[in-house]
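These notes concern the structure reproduced below.
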Amino acid sequence: VFNRAVQARRQLGSIVKPIVYTAAIDRGYTPVSIFVDEPVALDVGPGQPLYSPLNYDRTYEGPVTLRHALEQSRNIPAVKAMIEIGPQQVVDYAPRFGFEDGFAPFLSTALGAPEATLLDATSAYSVFPNRGVRMTPYFVISIVDRQGNLLEEHRPQSREAIRADTAYVITNLIRGVIQRGTGAAAASLDWPLAGKTGTVDDNTDAWFIGFDPRITVGVWVRHHEKPP
């Protein structure tokens, strides 16, 4: 049986943006750093057409803070952040979050072009509330035979993924997604939540990954085919 939660690799959409901004915070950007949200046409290499990313709502807001850009999931600031930091420096963070296949150093990565499973994405987000430490996911705690003899046992394996202070800042930023941004519907739960929404073109995939201080939850819905 094909288990879509752990086997289906789908484009991540905007849930990749906190990773982009993690790289930014590590390099001295702050929640009040300014990016200009405006139409752009970017040269991505010889013989390639200009890259002209669009915001989801096809509008532009001018100068915005990093906090506002993430809360409202503005695409242009995310691309500009990736340009300023350097695409390779951003994608170097992917393995830290458990995306072992890595991300390609393309500007479209900032908008969620990479593919991963729901398990991978949810595990990645657990780094933020866990003060920068990533726990390797596992399904089976232990296996014993009928006599009670232990045959196999798994214990949590942890490694530092990002700095604790950076994890704190990103957690605070994506709490704002719930309080004021694209995840505001979750604020009705009246619970200390942080999280990020993500969509892919034509809504073929939609994501929400959120957490409180104790648990991280990922939700993914999709169309089998693009809508007509």
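Worth a mention:
- Degrees between helix 17-26 axis and first principal axis of the chain (Cα, 0 to 90, nearest 10): 80 degrees
- Low-density loop positions, chymotrypsin sites (Phe, Trp or Tyr not before Pro), region 78-174 - DSSP coil, at most 10 other Cβ in 10 Å: TYR138, PHE139
- With both labels modelled 7 Å from their Cα along Cα-to-Cβ, the PHE106 to GLN89 distance reads 2.3 nm.
- Annotation note: GluC sites (Glu not before Pro) in region 1-103 located in DSSP loop regions with a Cβ neighbour count of at most 13 within 10 Å are GLU100.
- In terms of accessible area, using a 1.4 Å probe and ignoring ligands and nucleic acids, LEU107, LEU150 rank largest first as LEU150, LEU107.
- Counting protein heavy atoms only, region 61-121 has 51 percent of its accessible area on carbon and sulfur, 1.4 angstrom probe.
- The chain, helix-only ellipticity at 222 nm - DSSP H runs n ≥ 4, -39,500 (n - 2.57), divided by all residues, nearest 500: -7500 deg cm²/dmol
- Whole-Å distance, taken between Cα centres, linking region 59-105 and region 176-228: 18 Å
- Spin-label pair THR65-GLU115: with each label point 7 Å from Cα along the Cα-Cβ axis, the two points sit 3.8 nm from one another.
- The trypsin sites (Lys or Arg not before Pro) found in region 184-225 that occupy coil by DSSP, while having at most 12 further C-beta atoms within 10 Å, are ARG214.
- With a simple spin-label model that places each label point 7 Å from the Cα along the Cα-to-Cβ direction, the separation between ARG4 and VAL219 comes to 1.5 nm.
The values are calculated or read from the model by the stated rules, or taken from the named source; none is laboratory data. Keep in mind the model is a prediction, meaning the values are calculated, not measured. Note that we place each Cβ from the backbone using ideal geometry, even for glycine, and neighbour counts take in every protein chain shown. Just so you know, the surface numbers come from the protein's heavy atoms only, side chains and all, with ligands and any DNA or RNA stripped out. Shrake-Rupley method; radii C 1.70, N 1.55, O 1.52, S 1.80 Å.
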